[in-house]
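K.L.:
My questions all concern the structure below.
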Amino acid sequence: MNSTWWQVARRPKWIGAFFIAMAFAAICALLAQWQASRSFETAVTRNQITIAKPIDQVVNAGVPARAGAVGSLVTANLMIDYSNALVVANRVQKDGSQGFWLVGEGRTETNNVIAVSLGFAATKAQAIKSQAALKGLVQIQAFTPIEGLLMPSEGPKALANSTSPILESLSLGQLVNLWQVDAKAYPLFLLASKPAAIAPGLEPVSITPPSTETQINWLSAFYAIEWTLFCGFGFFLWWRLVRDAQLLENSESQAKESLG
């Protein structure tokens, strides 16, 4: 007598396999949910870029930045070492003009380090001139409240001149090495908006404000769909194995009957 699929599926071996398939599907469902939650994301909220918070409420030195920290408006009391000002190339202002930034080493009252933008120069010659002017300033040992946006590090690029470098990207790791930092550094840099540029010949840095619109992360959306399909595949594979076992059993049973 031929076995039905349901009779085979109710055997302990395949009941155990069903629970394994359920566990596999549950893991895939959790991963699909996690990826789906990352598929639709708001770059920053309007409050993040309009209401300034103390920097340590948003990001901490020496640890990776929390989700949503990039683009936040913060304030910090900083002592800036102008003698360590560095020139960063490939900068673009809000109006589309290209040029250079000067970036300084800022120290908080707890001796943590953060890179701070000091101003924009339209030409390399002006950037170098302003850098020299900053290094010649009489350094006043005082903390100054600075307001600005937290922005992410860029990938490092090789330096053409190690003695008087002009950085091709704003890489925090590269800056820390050049400054020979002996303290904890923040994982983001501060794009200062207040006060304005302080060196002769520099303009305030201006960029397009971070978007507050919801964006679709297509890669995460694809992974969410992929994990959802894996959920169904786990049950299909179980059904297919039970079906194969049923067909094999019935085939052997028919073969014995024909021989008998």
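The values are calculated or read from the model by the stated rules, or taken from the named source; none is laboratory data. None of these values were measured; they are calculated from a predicted model. Positions of Cβ are generated from backbone atoms using ideal geometry, with glycine treated the same way; all protein chains shown enter the neighbour counts. Note: areas computed on protein heavy atoms with side chains; ligands, DNA, RNA excluded. Shrake-Rupley method; radii C 1.70, N 1.55, O 1.52, S 1.80 Å.
K.L.:
Would you mind finding the one in Asn90, Asn111 that is open to solvent by 70 Å² or more (accessible area, probe 1.4 Å), within 22 Å of Ala158 (Cα to Cα) and modelled with pLDDT of 90 or more?
P.N.:
Asn90
K.L.:
Condition first: at pLDDT below 85 and charged (D, E, K, R). Now tell me which residues in the stretch 183-214 satisfy that.
P.N.:
Lys194, Glu213, listed by residue number.
K.L.:
In the list Asn111, Asn90, which residue meets the criterion of being in contact (Cβ under 8 Å) with a residue 40 or more places away in the chain, in a loop (DSSP other than H, G, I, E, B) and not charged (D, E, K, R)?
P.N.:
Exactly one of Asn111, Asn90 is in contact (Cβ under 8 Å) with a residue 40 or more places away in the chain, in a loop (DSSP other than H, G, I, E, B) and not charged (D, E, K, R), namely Asn111.
K.L.:
Which numbered condition in (1) β-branched (Val, Ile, Thr); (2) surrounded by 14 or more Cβ atoms within 10 Å (Cβ to Cβ); (3) at pLDDT 90 or above is the only one that Ile20 fails?
P.N.:
Only one criterion in (1) β-branched (Val, Ile, Thr); (2) surrounded by 14 or more Cβ atoms within 10 Å (Cβ to Cβ); (3) at pLDDT 90 or above is unmet by Ile20, namely (2).
K.L.:
Which one of these is more than 30 Å from Gly106 (Cα to Cα), modelled with pLDDT under 80 and open to solvent by 70 Å² or more (accessible area, probe 1.4 Å): Arg46, Arg38, Arg10?
P.N.:
Arg38
K.L.:
Which of the residues belonging to the stretch 58-87 are in contact with a Phe, Trp or Tyr (Cβ under 6 Å, 6 or more places away or on another chain), in a strand (DSSP E or B) and open to solvent by less than 50 Å² (accessible area, probe 1.4 Å)?
P.N.:
Those that are in contact with a Phe, Trp or Tyr (Cβ under 6 Å, 6 or more places away or on another chain), in a strand (DSSP E or B) and open to solvent by less than 50 Å² (accessible area, probe 1.4 Å): Met79, Asn84, Val87.
K.L.:
Of (1) open to solvent by 20 Å² or more (accessible area, probe 1.4 Å); (2) in contact with a Ser or Thr (Cβ under 7 Å, 6 or more places away or on another chain), Leu137 satisfies all except one. Which?
P.N.:
For Leu137, the exception is condition (2).
K.L.:
Which of the numbered conditions does Gly148 fail, given that it passes all the others? Conditions: (1) touching a Ser or Thr at 6+ places or on another chain (Cβ under 9 Å); (2) part of a loop (DSSP other than H, G, I, E, B).
P.N.:
With (1) touching a Ser or Thr at 6+ places or on another chain (Cβ under 9 Å); (2) part of a loop (DSSP other than H, G, I, E, B) applied to Gly148, the lone miss is (2).
K.L.:
I'm trying to understand the selection: among the residues of the stretch 239-257, which are in contact (Cβ under 8 Å) with a residue 60 or more places away in the chain and over 12 Å from Ala17 (Cβ atoms)?
P.N.:
Arg243, Gln246, Glu249, Asn250, Ser253, Gln254
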